[in-house]
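See below for the structure under consideration.
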Amino acid sequence: MPPRTLNIAAACLLDDAGRLLLVRKRGTRMFMLPGGKREAGESALRTLARELDEELNLTLPETAFTPLGRFNEAAANEADTRVEADIFRAALSHPVAPAAELEELRWLHPDDPHGDDLAPLLRLHVLPLIWPKG
């Protein structure tokens with residue numbers, strides 16, 4: 001049986017110091033970008049607005065987001081599952097706190113080591129895109 005695919009939207013939220021906000025859901029080990037699963041008929045930006053409000057009590061206008069692309073990768077916390085992810089970028093100019101199913105936030109700086117607790121989508125696609133080596 002082919003793996004299940006989840007359609008998600010996620011955001012690279014960067015603070016004034018150039019750090020990337022990562023989240024970890026309750027009961028999981030992997031850190032990932034904030035965002036979540038698209039509901040039927042929901043646009044990627046609408047999904048992102050809903051998920052950021054639920055997870056971080058964060059409201060940003062759609063104009064705050066720049067699309068970075070669509071990526072397909074193994075899901076971090078679900079076996080035999082892939083994610084098809086629309087990724088966006090936005091500036092985050094004020095503090096946020098975890099809500100809903102989030103257990104922990106982490107700020108990742110471009111110079112920080114990338115540990116083995118980063119979701120595959122983040123490690124293999126997003127970080128090389130936003131922080132290319134060289």
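The values are calculated or read from the model by the stated rules, or taken from the named source; none is laboratory data. Quantities reported herein were computed from a predicted structural model and do not represent experimental measurements. Virtual Cβ from ideal backbone geometry, glycine too; neighbours counted across all protein chains shown. In case anyone asks, the SASA skips ligands and DNA or RNA and just uses the protein heavy atoms, side chains included. Shrake-Rupley method; radii C 1.70, N 1.55, O 1.52, S 1.80 Å.
Below, the figures for the structure above:
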quantity	calculated
Residues (open to solvent by less than 70 Å² (accessible area, probe 1.4 Å) and either under 12 Å from LEU33 (Cβ atoms) or not in a helix (DSSP H, G or I) (or both)) located in the range 121-134	LEU121, LEU122, HIS125, VAL126, LEU127, ILE130, TRP131
Options GLU54, GLU42: the member that is under 14 Å from the mean Cα position of the chain (by Cα), surrounded by fewer than 19 Cβ atoms within 10 Å (Cβ to Cβ) and not hydroxyl-bearing (Ser, Thr, Tyr)	GLU54
Contacts under 8 angstrom Cβ, first residue in the range 88-116 being more than 20 Å from GLY36 (Cα to Cα), partner among the aromatic types (Phe, Trp, Tyr) and in a strand (DSSP E or B), 6 or more apart	none
